[in-house]
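Q: Below you will find the structure I want to go over with you.
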Amino acid sequence: MRKRLQDRVIVITGAAMGLGQAVAHHAAKEGAKLSLIDMNAEALAQARTEILAESPDAEILTIQADVSDEAAVKSYVDQTYHKYGRIDGFYNNAGIEGRQALIPDYDLDIFKKVIDINLMGVYYGVRHVIPIMKAQQYGRIVNTASVGGIRGVINQAPYVASKHAVSGMTKNVALEFARDGIVSNAIAPGAILTPMVAGSFKQVNPEDPKKAELEFAQGNPTKRLGMPEEVAKVVGFLLSEDCSYVNGQTIAIDGGQSNTYGIV
Ligand SMILES: NC(=O)c1ccc[n+]([C@@H]2O[C@H](COP(=O)([O-])OP(=O)(O)OC[C@H]3O[C@@H](n4cnc5c(N)ncnc54)[C@H](O)[C@@H]3O)[C@@H](O)[C@H]2O)c1
């Protein structure tokens with residue numbers, strides 16, 4: 001049987017860890033040719049080794065880049081196009097949480113950094129990938145928003161603002177380029193067990209992060225956190241040809257938590 005992403009060229013940012021890495025594993029198993037982007041070169045090389053151990057036939061280009069630097073974004077898009085001659089799917093995923101603090105106390109430099117990576121990085125990505133997809137008259141874009149892109153989250157104002165903006169940008173890409181065969185959606189993960197979320201629980205309870213994790217899980221109808229592979233399966237669909245009439249959506253992947261009201 002033909003694999004879902006067979007020979008599709010997929011670019012993934014933030015691919016060295018967490019959700020990006022999980023999607024890279026999944027896409028390789030589905031037959032994709034990969035261009036993996038991350039600012040952490042060492043972790044990216046490690047991720048490449050692990051993907052090849054699982055999918056030995058995978059073609060993988062790795063590029064160290066900071067997504068908040070537009071020249072670096074243009075360069076990773078150019079290098080990918082130079083190697084593969086097309087870009088079919090773009091998982092525009094790299095992002096950071098920032099520090100946790102109430103709005104008046106928020107460190108301005110960190111606030112701007114969160115916006116630079118989470119919003120500008122996503123914008124630079126679509127800005128440079130869209131012309132290639134438009135020329136092909138085919139493309140699938142998946143931006144990583146968050147439940148913080150559809151709800152407020154106390155102590156995380158810049159994160160929430162940036163992720164709402166990502167959700168909005170996703171709609172605009174859908175409206176502006178639907179006639180060019182480009183489909184654009186966002187995902188809104190809840191708490192998924194990745195290094196980022198582990199770091200977040202460490203901020204909430206430095207002495208006992210596991211306790212903070214278990215307490216958080218109590219607010220979820222499933223009483224557990226999500227796993228990166230559960231996100232990867234959804235993204236795999238959104239990056240595929242099968243996703244042809246779901247467009248401009250922000251899809252929560254959170255065990256139903258964002259639909260709850262009161263105690264579950
Ligand atoms: N894990 C969750 O529960 C969760 C929930 C909602 C949204 N998200 C979003 O999913 C995305 C991935 O999160 P994660 O949990 O996998 O995080 P993570 O910290 O585990 O991994 C993020 C990866 O992105 C890379 N990265 C960070 N800044 C970068 C930059 N400027 N340029 C290039 N690469 C950069 C890091 O080196 C790392 O490899 C983020 O946008 C995050 O906001 C995650």
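Q: Taking residue 221 as the residue in question, decide whether it is in contact with a Ser or Thr (Cβ under 7 Å, 6 or more places away or on another chain) and exposed (fewer than 13 other Cβ atoms within 10 Å of the Cβ).
A: yes
Q: A follow-up question, please. Are any residues in region 69-84 in contact (Cβ under 8 Å) with a residue 24 or more places away in the chain and over 13 Å from residue 128 (Cα atoms), and if so, which ones?
A: Within region 69-84, 83, 84 qualify.
Q: Here is a further query. Of the residues 38, 88, 7, which is on the phi > 0 side of the Ramachandran plot, of a type in the set (D, E, K, R) and touching a strand residue (DSSP E or B) at 6+ places or on another chain (Cβ under 9 Å)?
A: Of the residues listed, the single one that is on the phi > 0 side of the Ramachandran plot, of a type in the set (D, E, K, R) and touching a strand residue (DSSP E or B) at 6+ places or on another chain (Cβ under 9 Å) is 7.
Q: I would also like to ask the following. Output the residue which, of all residues in region 170-211 that are among the small types (Gly, Ala, Ser) and more than 13 Å from the ligand (Cβ to nearest atom), is surrounded by the most Cβ atoms within 10 Å (Cβ to Cβ).
A: 184
Q: Here are some conditions: (1) farther than 25 Å from residue 248 by Cα; (2) among the polar types (S, T, N, Q); (3) in contact (Cβ under 8 Å) with a residue 60 or more places away in the chain. Residue 49 meets all but one. Which one does it not meet?
A: For residue 49, the exception is condition (3).
For every residue, the table says whether it meets (1) within 26 Å of residue 201 (Cβ to Cβ); (2) assigned to a helix (DSSP H, G or I).
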| residue | (1), (2) |
| --- | --- |
| 110 | yes, yes |
| 117 | yes, yes |
| 125 | no, yes |
| 143 | yes, no |
| 153 | yes, no |
| 160 | yes, yes |
| 168 | no, yes |
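Q: Determine which member of the set 167, 162 is polar (S, T, N, Q), farther than 25 Å from residue 264 by Cα, within 11 Å of the ligand (Cβ to nearest atom) and touching a residue at least 24 places away in the same chain (Cβ under 8 Å).
A: The match here is 162.
Q: Let me ask something additional. How many of the residues in region 224-252 are within 12 Å of the ligand (Cβ to nearest atom), of a type outside the set (S, T, N, Q), crowded, with 19+ Cβ neighbours inside 10 Å and under 18 Å from residue 142 (Cβ atoms)?
A: Going through region 224-252 one residue at a time, the tally reaches 6.
Q: Would you confirm, using the coordinates I've provided, whether residue 139 is closer than 20 Å to residue 37 by Cβ, away from the ligand (no atom under 15 Å from the Cβ), touching a residue at least 12 places away in the same chain (Cβ under 8 Å) and not hydroxyl-bearing (Ser, Thr, Tyr)?
A: Judged against the criteria, residue 139 is a match.
Q: Since residue 30 meets every condition but one in (1) without any contact (Cβ under 8 Å) to a residue 60 or more places away in the chain; (2) closer than 26 Å to residue 7 by Cα; (3) crowded, with 18+ Cβ neighbours inside 10 Å, which condition does it not meet?
A: (1)
Q: In region 191-220, which residue that is among the aliphatic types (A, V, I, L, M) and under 21 Å from residue 93 (Cβ atoms) is modelled with the lowest pLDDT?
A: 196
Q: Additional query: Within region 87-107, take every residue that is of a type in the set (Gly, Ala, Ser) and within 30 Å of residue 236 (Cβ to Cβ) and give me the one that is farthest from the chain's Cα centre (by Cα).
A: Per the criteria, the residue is 98.
The values are calculated or read from the model by the stated rules, or taken from the named source; none is laboratory data. Keep in mind the model is a prediction, meaning the values are calculated, not measured. Cβ: placed from backbone, ideal geometry, glycine included. Neighbour counts: every protein chain shown.
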